[in-house]
1. Of the listed pairs Lys187/Lys440; Lys42/Lys71; Lys71/Lys187; Lys187/Lys411; Lys42/Lys418; Lys42/Lys67, which have alpha-carbon separations greater than 24 Å here?
2. Return the loop-located GluC sites (Glu not before Pro) in the range 63-155 (DSSP other than H, G, I, E, B) with at most 16 other Cβ atoms within 10 Å of their own Cβ; answer none if there are none.
3. Treating the beta-carbon of each Lys and Arg as +1 and of each Asp and Glu as -1, no other charges, what is the dipole magnitude of the range 324-418 about its Cα centre, to the nearest 20 debye?
4. Please give the per residue volume of the convex hull enclosing the alpha carbon atoms of the range 306-401, rounded to a whole number of Å³.
5. Through the Karplus equation 6.51 cos²θ - 1.76 cosθ + 1.60, θ set to phi - 60°, convert the phi angles of the range 43-51 into ³J(HN,Hα) values in whole Hz; use x for Gly and Pro.
6. Within the range 105-171, list the trypsin sites (Lys or Arg not before Pro) lying in a DSSP loop whose Cβ has at most 15 other Cβ atoms in a 10 Å radius.
7. For the chain, what does the convex hull of the Cα positions come to per residue, in cubic angstrom?
8. Using just the C-alpha positions of the range 126-244 as equal point scatterers, what log10 of I(q)/I(0) does the Debye formula give at each q in 0.10 1/Å?
Amino acid sequence: MDATPLGTNAPDRPACPGCRDRDDRIARLERQLKHLQDRLAKVEAQRDAATRARKRQAAPFSKGPPKADPKTPGRKPGAGYGTAAHRPPPPVIDEVLDAPLPARCACGGEIRPDAVEHQYQTEIPRKPIHRQFNVHVGHCAACGKRAQGRHPLQTSDALGCCASQMGPDAQAAIVLLNKDAGLSHGKMTALFGTLFGIPLTRGGACQAMLRAAGRCRPHYDAILGAVARAPWVVADETGWRVGGRPAWVHVAVCEAAVAYTVARGRGFEATTRLVPADFAGVLVHDGWRSYLLFTAATHQTCTAHLLRRCHEMLGVATGGAVAFPRRVAAILRAGLAARDERDAGLVTPAAAIATVDALQAQVRSLCGPAKANAANDRLAAHLFLNQRHLFAHVRVAGVDATNWRAEQALKTPIVNRKVWGGNRTEAGAAAQGILASVLKTLAVRGVGVIDWLGGLFRSPATTPLLVPRPDG
């Protein structure tokens, strides 16, 4: 009698009906499991896409279909209308024109004058100003050195083939239209030609911005100095392109200035172009790990980012998984309440600090045990790493709880990125950082962009620093 291996059927022995039913049931369950796994993956992908769409900084029309019963646009009549306003008459009248009565009415009758009323109009000048400078050229009688005169409205000493140039205000407008208004080089050339009748090539616009960046370099260095000396700095970054390759725009905001730089990387080394590695003030950021390498700084992780993360987690959590994000959000809101009570004078600064010390201890004990839910475990690990950085806005007066200043400062580069994508060259990327910093700092300091840049183009050596140094 031949031996049959244990656990196997003889080749000519049919399987029993019970085994066949079991195998069929296992196959059916495996098919159901595969179907449910595919369905779960599809639902998770849809959920992730919806989450990304909510975060994406896109135009309003991408937020979904319009409401079935939208509110009537415009102001509402009645007491809720608000303050009624109208355009005031211009302070200076440059031109007075008459609008005489017609000789006859439509019915044929004679029209007799009763009064003269005034109407005002403010128009833009469209006729360009073409200047010719008669530059006197001579030489020194003693050493023979060449000399030439310069008018206050000139932007350079170039003669010959480079003698025809754009004026200072026109060059300032090129910088403003591209870096602040977001117009591409092609759209700027069309605007100058259509609106003013001034021929301008895209290359000419690019060269004007490169020259402006060179003249703004001392002011950019002063802006970086102001950031380095600031008691607090808010930092952030967003995606960019240089020559079609990925890059990042970094921003650092302080009370006196705003600084930008375009870098290939997103990490610590790129941020140190704006914030020195030994910065000892308060650094407010979104919790990106590279910011923690500023070991001499006091950190404030953005509370809004954490609250938004808790809110998103509560939207998908089920069962006991909702307890952790709900408790974290309550602790963060308690920290904001302690700050508000301190600012309102309801509690002393020492009492507010004692409150957040207790809240920090709660965070530490809450994050200690391992979490069964993966999302909760990731948030717990992040909070455990940043537990000392949650309440600097209470411990240090004048510090923001969020990085909203940096996010607001990034709105202009984000719009520019959507319109013209980024920079083509490293020189253009360097000019982007310099000019964006100068324009935003001018806005912070309440200085007119066209007048300031126009003055810089005319006489860069005599233009005082945009952000004065402490030594004057």
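1. Lys42/Lys71; Lys71/Lys187; Lys42/Lys418; Lys42/Lys67
2. Values: sites: Glu95, Glu110, Glu117, Glu123; in loops: Glu95, Glu117, Glu123.
Taking the range 63-155 and a limit of 16 other Cβ atoms within 10 Å, the loop GluC sites (Glu not before Pro) found are Glu95, Glu117, Glu123.
3. The dipole magnitude comes to about 380 debye.
4. Once divided by residue count, the hull of the range 306-401 is 88 Å³.
5. With coefficients 6.51, -1.76 and 1.60, one gets 5, 5, 5, 5, 5, 5, 5, 5, 5 Hz.
6. Arg126, Arg131, Lys145, Arg150
7. Numbers: hull volume 195.7 nm³, N = 472.
So the per-residue Cα hull volume is 415 Å³.
8. -0.49
Each value in this text was obtained by applying a stated rule to the coordinates, not by laboratory testing. The structure presented is a predicted model; accordingly, all values stated were derived computationally and were not measured. Note that each Cβ is placed from the backbone with ideal geometry, even for glycine, and that neighbours are counted across all protein chains shown.
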